[in-house]
Every structure is written in structure tokens, then in C-alpha cells.
Amino acid sequence: MKVAFISGTSIVNSTLFSSWEVKSVATKYGEVRYKQRGDHVLINRHGDGFPLPPHAINYRANLAALAELGFQDIVAQNSVGSLKKDLPPGTFVSCSDYVGLQQGPATFFDTELKGGAPVIANNLIPRILAELAPEFIVHPGKVYVQMRGPRFETKAEIRVVQHWGDVIGMTAAHEADLCSELGLRYNSLALIDNYANGLEGTEIDFAKFKDLVKDNQARVNRLFVRLLEILG
């Protein structure tokens, strides 16, 4: 099955993809490097080399590249923080809607008076969740709250937004917006790496976050092994 994956630095740098062929494609928004094996490609949303922080990611180039390569089904894996006590770190979720009020949406319509209706298609999620079980339990239908980054949210900001959704991150809303404009089908998978700042008495900083992501690497690797089997 022809499917493109978008993920973060930890999974793209995993040895799981070391044998995949490295290629590049030029778009009007910039060149994008990706890894390919058969009908599957993988893009590191943060780019190659020194990873770009979330607010500086070239989202338009990433999604334009996948469209130019002929992909319509996109499976995105995101690292998120939990806004809910009953969604602890280590939990997998799939988001079906999102809030992105802190900054303007990513768009291809810079010179046209038009805009698409935002949506997360999740057309592959029912099949993925059914076949991942019982090894992986993924909680569907969650709401993603996007903040700008690159810093984490203050405790006061978390108190404001914790009732807006279930998880918080810095990337998925932009990707979903652009997929909607291009007619691509965006599918959401996310791993909760931490409680949001101040929730459940936690303190968060970037060093601690990197350690949490590293601790979850084996589980994310195994998730992708299963995804490749399911969508092979």
C-alpha cells in the first residue's frame, strides 16, 4: 500500500530505517530529503542535519514533496504532552480534531482568496488500531492543542488550554491544515512522552523531554515495525 510517514528526529535516525534509500525532491518551497523503501517513504519533519525547531520547520515543502511524489495517504507520528490526568506518559493516542489558535494556520494560499475546511481524515486509523491490538492500545478521537514552540508552555498557559483538548504539541495542526488544502488524507498517531508543564506536579525542561523521548524509542520502533507490516 502506498503510504507516506512523517515523524520526528528520533524515529528517522533509528536503525530501523538505515537500509532505506535516501532521496530528495525539489519543490517550489524548498528541497526535501526523504527515505524510501518500495511504496513507503519517510520524512523527518525537522529536516536533515541540525534539526529545525517546530516553529521553523518547512511544513509546506514537506507536504508539497509528498504530493509531488504521488502520495495521498499520510501517517504522522507525533510526540505530545498530556493535558489529562487519565492519559499518562507512555500512552498512544490518535487525534481526530485540533486547536491551533496561537498562530496563523500553515497555508499554500498566499495569493488566493480561498481556504480549505480543516480536517484529520484518519481513513487508515480504524484498520491500524484494530490490527495493532492487543500489542498496542491506541486511544482514538482525542483533540490536539498546538502551541508555537520552540519553548514548552508555562504552567499558566497549561492552566488556560488544558480544557481545550487532550494532548499538546507543536506540529500536527500545521501538517493537517496543509494536507486538507492539498487533498491528502492525514492520519494521526501520537505517543505521550510527558505530562504538560505543571500537570500532576511535574516540571518539564528540554533535557528531561529528550530523556523521555529516548526512553520511548524502543516502543516507537516496534510501533513502526507493526505499521509497516499492516500497511505493507
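Since every read-out is calculated from the coordinates, none of them should be taken as a lab result. Values in this document were obtained by computation on a predicted structure and should not be read as measured data. Cβ sites come from the backbone with ideal geometry, for glycine too, and all protein chains shown count toward neighbours.
Quick rundown of the values:
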quantity	calculated
Charge dipole (the stretch 3-230, unit charges on Cβ, about Cα centre) - positive-most of S18, S94, I192	S18
With at most 14 neighbouring Cβ atoms within 10 Å, loop GluC sites (Glu not before Pro) (DSSP) excluded, longest segment of the chain	1-111
Relative contact order for the stretch 3-230, counting Cα pairs under 8 Å that sit 6 or more residues apart, in percent	27
Spherically averaged projected area in nm², based on the convex hull that wraps the Cα atoms of the chain	12.1
Rounded if a/c under 1.5, otherwise prolate or oblate - the stretch 106-232, Cα gyration tensor axes	oblate
Two-site label geometry, N221 and E21: point separation in nm, points 7 Å out along Cα→Cβ	2.5
Listed pairs K2/K23; K142/K214; K85/K142; K2/K35; K23/K214 exceeding 19 Å between Cα atoms	K142/K214; K23/K214
Length released on extending from A156 to V99, taking residue separation times 0.36 nm less the Cα-Cα span	18.7 nm
In sequence order, calculated HN-Hα J values of the stretch 116-128 (Karplus, 6.51, -1.76, 1.60; Hz; x Gly/Pro)	x, 7, x, 7, 9, 5, 6, 5, 9, 4, x, 5, 4
Label point distance in nm, V119-K210, each placed 7 Å from Cα along Cα→Cβ	4.1
Helical mean residue ellipticity (222 nm; -39500 (n - 2.57) per DSSP H run of 4+; nearest 500) of the chain	-8000 deg cm²/dmol
Ranking of I192, I137 by count of other Cβ atoms within 10 Å, fewest first	I137, I192
Eligible lysines near K114 by straight Cα distance, threshold 25 Å, same-chain separation 8 or greater	K28
Neighbour-count ranking [beta-carbon atoms within 10 angstrom, fewest first] of L189, L42	L42, L189
Beta bridge orientation in the chain: antiparallel %, DSSP, nearest 5	35
Using θ = phi - 60° and Karplus 6.51 cos²θ - 1.76 cosθ + 1.60, couplings along the stretch 137-146 (whole Hz; Gly, Pro as x)	9, 10, 8, x, x, 8, 10, 9, 9, 9
